[in-house]
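Visitor: Sharing a structure here in structure tokens format.
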Amino acid sequence: MKKRFVFVVGFLLVLGLVAYGSLAADTPLRTPSHILDKFQHMGAYGLLMLMALAATRGRSRLALGLGLVAMGVVMELLQGWGTAGREASWLDMLANGVGVALGAWCYQYLRQRFGSSAS
């Protein structure tokens, strides 16, 4: 139960950071490199998926994955519609989705490698 609480809190913290980083007009995390930006998207959404699966002990994988992909799409659209100095990007949406898939893969790998004690 204690580990699960840590994963839930961790997920919520990462979720807040991703939302802030996605919607703030200027953040210290913004990078001038186009490629580095995509890795940031993949890493952030991968960590979100990993934390979400750990918090739920792997339940509802499809729903969590689709929810996070939808969140990534909505965040990008909001950037294009209302955040000064930002624009929506299909490549960012794709990177978010790849990150979600990588997070799910990492969770599965850790479960197989370390057993159920990983969650």
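Derivation of every value follows stated rules applied to the coordinates shown; laboratory data play no part. Quantities reported herein were computed from a predicted structural model and do not represent experimental measurements. Heads up, the Cβs are rebuilt from the backbone with ideal geometry, glycines too, and the neighbour counts pull from every protein chain shown.
Visitor: If you rank 87, 76 by fewest surrounding Cβ atoms within 10 Å, what's the result?
Guide: Arranged by neighbour count, lowest to highest, 87, 76 become 87, 76.
Visitor: Something else about it: Order of 34, 41 from fewest to most other C-beta atoms within 10 Å?
Guide: 34, 41
Visitor: Using the Karplus curve 6.51 cos²θ - 1.76 cosθ + 1.60 with θ = phi - 60°, work out ³J(HN,Hα) for each residue of region 45-50 in order, rounded to whole Hz, and write x for Gly and Pro.
Guide: 6, x, 5, 4, 5, 4
Visitor: Moving on. In percent, what relative contact order does region 1-101 have, based on Cα pairs under 8 Å that are 6 or more apart in sequence? Provide the component values of the computation, followed by the final result.
Guide: Values: 108 pairs, mean separation 37.5, N = 101.
Normalised by residue count, the contact order of region 1-101 is 37 percent.
Visitor: Something else: Which of these values of Cα Rg over 2.2 N^0.38 Å was calculated from the structure shown: (i) 1.04; (ii) 1.08; (iii) 1.60?
Guide: (ii)
Visitor: With angles folded into 0 to 90 degrees, how steeply does helix 90-114 sit against the dominant principal axis of the chain? Use alpha carbons for both and round to 10.
Guide: 20
Visitor: In addition: Which value in deg cm²/dmol, rounded to the nearest 500, describes the helix-derived mean residue ellipticity at 222 nm for the chain, given -39,500 (n - 2.57) per DSSP H run of n ≥ 4 and division by the residue count?
Guide: Roughly -27000 deg cm²/dmol at 222 nm, from the helical runs in the chain.
Visitor: Related question: If we count other beta carbons within 10 Å of each Cβ, what is the order of 110, 68, fewest first?
Guide: With the fewest neighbours first, 110, 68 line up as 110, 68.
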